[in-house]
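Readers should treat all values here as calculations from the given coordinates under stated rules, not as data from a laboratory. Keep in mind it's a predicted model, so treat the numbers as computed, not measured. Note: ideal-geometry Cβ built from the backbone for every residue, glycine included; neighbour counts use all protein chains shown.
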Amino acid sequence: MKTKRPAAFLDRDGTLIEDAHYLADPARVHVLPDVAPSIIALNERDLLAIVITNQSGIAQGLVTEAQYDATRRRLAQLLAEAGARIDATYHCPHHPSVSGACDCRKPGTGMYLQAAREHAIDLQRSLFVGDRRRDVEPALELGGIGILVPSPATPPNEVHWARTHAGVAHSLAEAINRWIAAIDG
C-alpha cells in the first residue's frame, strides 16, 4: 500500500493569480509575487501542490472549458518558467443557480476527496489555503489546517471567521511555512 502524504490545496483566483473575474484569456493570467517561491518550497520537500478552484463562469456561459484549460496551462507554464510545479488541478464548472447543487463546488469536499483518492493524500495533515472562507472551510470537515490569505476581494467577516475557526496569514509563503512547521512538528 502506498504511504499517504500531505498536500497543499491551493485556491487559484486571488491566491495564486490576480482575480480577473471569469478569466477566459490566458494573457490575463498574472501570478502573484510570492507564489512561485512558495510552490518551489513545496516541490523541494516533495509535498503535493494541488489547485482546487470553483469556475462557475463555465456553467454561466461566461467561460468555456477550452478557455479555462488554456488559463490552467498558462498558469502551469508561468510557474514552470520560475521553476515551480503544480502536481494536479481540479475545478468545479458548476453554479447552483444554473446547474443545481453538486458536491464539488467549494466549500463542498468532492474535489478534495477525488484528489485524495487519486494521489494518496493524507487529508488530516494537509493544508487548505485561499482568499475566501469557502477555500478554508473544508479543513474543518476533512481535518488538516485551514489558513485564509486575504486578498482585496476577501470580505472582512470572512477574515473574522477565519481568525475564530481556522487561521489567517499575510501571504501564501507565511501560510505554507506555518503549515510545514506544523507537520514537521
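In a Gaussian network model over the chain where Cα atoms closer than 10 Å are linked, find which of LEU113, LEU148, LEU16 has the largest mean-square fluctuation. Between LEU113, LEU148, LEU16, it is LEU113 that shows the largest mean-square fluctuation. Under the combined filter of DSSP loop state and at most 11 neighbouring Cβ atoms within 10 Å, the range 55-112 retains none of its chymotrypsin sites (Phe, Trp or Tyr not before Pro).
Determine the relative contact order of the chain: mean sequence separation of Cα pairs under 8 Å and six or more apart, normalised by residue count, in whole percent.
Working: 342 pairs, mean separation 43.5, N = 185.
The normalised contact order for the chain reaches 24 percent.
Under 5 Å from the amide H of LEU127 lie the amide H atoms of ALA7, ALA8, PHE9, ILE145, each residue being 5 or more positions distant or on a separate chain, with H modelled from the backbone and absent for Pro and chain starts. For the range 7-184, count all C-alpha to C-alpha pairs, find those more than 19 Å apart, and express that count as a whole percent of the total. Cα-Cα pairs in the range 7-184 separated by more than 19 Å: 54 percent. The GNM of the chain, with springs linking C-alpha atoms under 10 angstrom apart, assigns the highest mean-square fluctuation among ALA41, ALA153, ALA169 to ALA153.
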